[in-house]
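Taking it in order: structure first as structure tokens, then the write-up.
Where a number appears in this text, it was derived from the coordinates with a stated rule and is not lab data. All values reported here derive from a predicted model rather than from experimental measurement. Ideal geometry is used to build each Cβ from the backbone, glycine not excepted, and the neighbour counts take in all protein chains shown.
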Amino acid sequence: MITTGILIVLTTFIAMEGVAWLTHKYIMHGLFWFLHEDHHVPNKEKVLEKNDYFFLIFAIPGICFTVFGSIYDINYLFFIGLGITLYGFIYFLIHEVFIHQRIKWFRKSNSKYLRAIRRAHKVHHKHLGKHEGECFGMLIVPFKYFKAELKK
């Protein structure tokens, strides 16, 4: 069961990058732009953004799967919830802490991968409007940004 559980967690974690990409492109830059828009407007004085509601929106499925998967006995739902939650935690560390520095933990990195993530995200934020954006994912970096970091 543990091996299967780890496999489910890893599969869910990887699938969440696709979910994040689709949600960011079609929901956050679509129907729910009114919540995401303030994230694209530079304002260092705001502690919270309307965009932070997405934290709750994304946390709810992870919580539900984890709870329902552990009510009577640990089952596959628990491991799916764990994968979603793990992705959310890594997303938080990369997006909020490393990229936007909302918490001043790790400011600099020699990792070419992390710098490529930061570069791709800056390109995403270059577009202040709802349309014509790029780089909607978080952990899978388009090769051109990674390649730019390899040249350094």
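Values computed for the structure shown
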item	result
Angstrom value of the Kirkwood radius, inverse mean 1/r, which spans all Cα pairs in the range 2-63	13.4
Farthest positive-ward along the range 2-106 dipole, Cα basis, beta-carbon charges - from Ile99, His39, Thr85	Ile99
Degrees between helix 112-126 axis and first principal axis of the chain (Cα, 0 to 90, nearest 10)	70
Computed helical MRE - 222 nm, the chain, DSSP H runs ≥ 4 contributing -39500 (n - 2.57), nearest 500	-17000 deg cm²/dmol
16 Å cut-off, amide nitrogen to a point 7 angstrom out along Arg102 Cα→Cβ, residues in the range 9-34	24, 28
At R0 = 41 Å, FRET efficiency that the Cβ-Cβ distance of Thr3 and Lys130 yields, to 0.05	0.40
Rounded to 10°, Cα long-axis angle of helix 2-22 versus longest principal axis of the chain	30
Across Lys25/Lys50; Lys104/Lys130; Lys25/Lys108, pairs whose alpha-carbon gap is larger than 23 Å	Lys104/Lys130; Lys25/Lys108
Given 14 as the ceiling on other Cβ atoms within 10 Å, longest exposed-site-free region of the chain for GluC sites (Glu not before Pro) in DSSP loops	46-131
Qualifying chymotrypsin sites (Phe, Trp or Tyr not before Pro) for the range 64-117 [loop in DSSP, other Cβ within 10 Å: at most 16]	Tyr72, Trp105, Phe106
Gyration tensor verdict on the chain (Cα atoms; rounded if a/c is under 1.5, prolate if a/b is larger than b/c, oblate otherwise)	prolate
